[in-house]
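Where a number appears in this text, it was derived from the coordinates with a stated rule and is not lab data. All values derive from a computational prediction rather than experimental measurement. Reconstructed Cβ throughout: ideal geometry from the backbone, glycine too, with neighbour counts over all protein chains shown.
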Amino acid sequence: MSLQNINAIPVRTWRWLRVNDTSLSSPIPAIVPYQTAPLNLPTGFRVLEEKFSPITLEKEVEYSQFIAQNCNHTLSLEITPQAQPEQPLVLEYELSDTQPTLVEQSVITVRSGADANLIISLRGTGNNLFHAALLKIVLEKDARLTLTKLQSMDSGINLDFTVVEQDSSSRFEFVQTELGANQTITSCVSTLKQPDAVAKYRTLYIGTQEQKLDFNQSVQMQGKNSVGDILTSGVLFDKAHKVYRGTIDFQKGSHGSKASESESVLLLSNQARNVTVPLLLCVEDDVEGAHAGSTGNFDESAIFYLMTRGLSKEQAQKMLIQAQFLPIVEEIPHQATRQQVWEQVEGRLQSYGV
Amino acid sequence: MAKEKTRIEEFNRSMYDIQDPDQSSYKVDSGLTPEVIREISKQKQEPKWMLEARLNALETYHRLPMPTWGPSLHELNMEQIVMYVKPKKTGQASWRDLPEDIVNTFDRLGIPEAEKTALGGVGAQYDSEIVYHSIKDELQMRGVIYTDMDQALKDHEEIVKEHFMKLVPVTDHKFAALHGAVWSGGSFVYVPPGIEVDIPLQSYFRLNAPGAGQFEHTLIVVGKGASLHFIEGCSAPKYNVVNLHAGCVELFVEEEASLRYSTVENWSKNMMNLNTKRAQVKKNGKIDWVSGTFGSHITMLYPSSYLIGEGAQSKYMGVSFAGEGQELDSGTKVVHAASNTSSTIESRSISKDGGAAIYRSSVVVVPGAENCRSTATCESLMLDESSRSDTLPVMDIRNSSANVGHEAKIGKVSEQAIYYLMTRGLSEEKAKEMIVRGFVEPISKELPLEYAVEMNNLISLELEGSIG
């Protein structure tokens, strides 16, 4: 089994750049059952017991069919205005040699006026680990959701696709950390269908050894006065290879909308490869859009300055990486989770003397 | 009361749209067959290796697929394009020796006048052949060669054979292969080492025949330490059938040399402009691309720079203006294939009346290329909600000492900026005019003077309403 030509870019470009889509570089292992732990639902969260309908993605048909055919876990959640942002729902998934594969489909409906936090954590230790997820989020009018996704598999394949539909004045904040797996293919597409909706993405990643990371993030604005805000930051070591496609798409009806996208990458190895594809698409005149991308090594003058203040070179480098990640980590609304992320980052950097 | 949009007038094409009667001396049959290729080669009395290269390119053309990205080319029917149209007279050294209608055409375009006042040499192509070529004596005496490609193939065969379609191989893409099969006309320039050509050379390409293709090949070699400014202009009258332009430009910039290549493209709106331009820059050499794209129905144009020598530099400045019925897909590619190379990219686009302006680029830093620098800035102005503007850059960086940055913006003219200028005493209309001219100024100031004037004429504002 394999998946080819998935995570497609919204507008194709030259084939020789090999960024139009991606494919799995290793075969998918046999999918075996996965047993989840009982959920501890805070107030305002309710599991819906109705029969689950498979999610179909118009532009990723092969992937959604794969999920539907191999799914070993489904979840349908409703979040009501009774939810408290200070009491997040934490979903933890652990892959291991006894439970190496998780193929999940989830639907989350956030009701009008609700304001909630959801944290999804995925870890894994073992061989032939495989995770594939398809998450659909529906935000009703005035609904707010902060979704934090943390991934730190020791090895294996991680596929993670999220689609979001936003009604008027809704707010979706997405914080994503990719700190593991041999190959990660991840996508997040928000469609702001009605006026005054906001989509905000924050992503950090560290690539090491021969890791392959493939991102596809898109904010599609259809309602007037929408806001899109994408910030991505990463560090690449060894022979890591990363492709990031970030799209701001001002579609018909998005008068008065504003969006920005920015990615900064520290490239710390001559064998690593960084590919950035920031797209800006527009069919409305009364909008403001901007994107920026930068790739480079440590700023030597900043290193020098910190060393004059008594830090070692390694401490100075670590501080600069933390500074780069800070705007992302601080968006996680849960202190314990922020601490967990810093620990994971520190763990990844330690073996590089940083 | 609803706000009225500020209008940007359509470019005045009356000068370009005058059609000369079709009085060609010879035309091949339409379509693309080995017989057509042999006939073109026979007309030109070419060496055998060039005919073999053409036939090989034709085979490659039939094998390669159409692009799966970019504007749709479904209106292009190759069976209906006439690949070669020979004018009544070719290769003249005096305007007086040309037919009156051809002279009148180039007169209207201002070419003879510019030749007298501001140029070191001129090449004028009409349909498939160069009809006129000149070079000032002083440049010739210094060893500068500026001639048409057919003559270069006879007089400088070894140089042509060494360089022809080496930067743009026929396997590069389908329309490079087409060009390799049916190319005709174009200019050859050789600047010896150390020679600074301080007044520009210009080639102008005029396609008159309806349903025809123009496939000129421009080959320029700038020797070590030499410098040159080359200007290229092109236009065609508008017909109800499709015309095709698939030219090719290959530029070889040797060590310490510099070349500025300025183009103002003003094809008619029935033209498919699928041009390929590429420069190879050696150690400490420099290429400047200045590109104004105003015409054609569909353009796919990406001047590319291959920086293969240490310290080589590339600068790209492009402005495009997409109006009704136009899809202008343009940009640039840079490959940093040596250490300490640098590139800058600056692009401006305006789209209106349903036009689509697409900026497409790539910046690649290969492994082993140390300390490379690249910055790109791209700004788009949309003047109404029926138009489109897309920005599609790609950066592929494989060296940890590279420093690469890119930024892009899209939007309308700021009302705050208009207000500020009005507080300084300008009328609202003058403020808007200043802002729009200022938007394109970083690029338009780099265009040759007469084209910059036309660029400013392009922007004439009605004095009511507000922008955006």
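Numbers at a glance
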{"read-out": "Alpha carbon centroid spacing (whole Å) that separates the range B:202-243 from the range B:91-140", "value": "13 Å"}
{"read-out": "Net lengthening on full extension, residue A:46/residue A:319 (0.36 nm per residue, minus Cα-Cα)", "value": "94.1 nm"}
{"read-out": "Computed [θ] at 222 nm, helices only, for chain B once each DSSP H run of length n ≥ 4 contributes -39500 (n - 2.57)", "value": "-6500 deg cm²/dmol"}
{"read-out": "27 Å Cα-Cα reach of residue B:224 towards lysines, excluding residues that sit fewer than 8 places from it in its own chain", "value": "B:136, B:154, B:161, B:166, B:277, B:282, B:283, B:286, B:315, B:333"}
{"read-out": "Crossing angle, helix B:48-63 versus chain B [Cα axis fit, 0-90 degrees, rounded to tens]", "value": "50 degrees"}
{"read-out": "Exposure proxy ranking, count of Cβ atoms within 10 Å, fewest first, for A:1, B:434", "value": "A:1, B:434"}
{"read-out": "Calculated from backbone phi, Karplus (6.51, -1.76, 1.60) coupling profile of the range B:295-304 in Hz, x at Gly/Pro", "value": "x, 6, 7, 9, 10, 10, 8, 9, x, 10"}
{"read-out": "Inter-label distance, nm, simple model (7 Å from Cα along the C-beta direction), residue B:117/residue B:366", "value": "4.6 nm"}
{"read-out": "Karplus (6.51, -1.76, 1.60) ³J(HN,Hα), θ = phi - 60°, over the range B:91-97, in Hz, Gly and Pro reported as x", "value": "x, 7, 9, 9, 4, 4, 8"}
{"read-out": "Helix B:34-44 vs. chain B, principal-axis angle (Cα, 0 to 90°, nearest 10)", "value": "80 degrees"}
{"read-out": "Distance from the range A:291-349 to the range A:1-19 (C-alpha centre basis), Å", "value": "32 Å"}
{"read-out": "In nm, spacing of pseudo-spin labels at residue A:58 and residue A:335 (7 Å Cα→C-beta vector)", "value": "4.5 nm"}
{"read-out": "Cα centroid of the range B:289-305 to Cα centroid of the range A:247-277, whole Å", "value": "25 Å"}
{"read-out": "Amide H contacts of residue A:279 (H built 1.01 Å from N, under 5 Å, at least 5 apart or other chain)", "value": "A:246, A:247, A:248"}
{"read-out": "FRET efficiency, 1/(1 + (r/R0)^6) with R0 30 Å, evaluated for residue A:271 and residue A:346 via beta carbons", "value": "0.80"}
{"read-out": "Candidate aspartates and glutamates - alpha carbon under 15 Å from residue B:445, same-chain residues fewer than 8 apart omitted", "value": "B:288, B:346, B:454"}
{"read-out": "Helix-derived mean residue ellipticity, 222 nm - over chain A, DSSP H n ≥ 4, -39500 (n - 2.57), to 500", "value": "-4500 deg cm²/dmol"}
{"read-out": "Whichever lysines have a C-alpha closer than 22 Å to that of residue A:193, once near sequence neighbours (fewer than 8 apart) are set aside", "value": "A:59, A:136, A:141, A:224, A:252, A:258"}
{"read-out": "Span-rule helices in chain A, defined as complete DSSP H runs reaching 20 Å or more along the axis (Cα) with Kyte mean at least 0.5", "value": "none"}
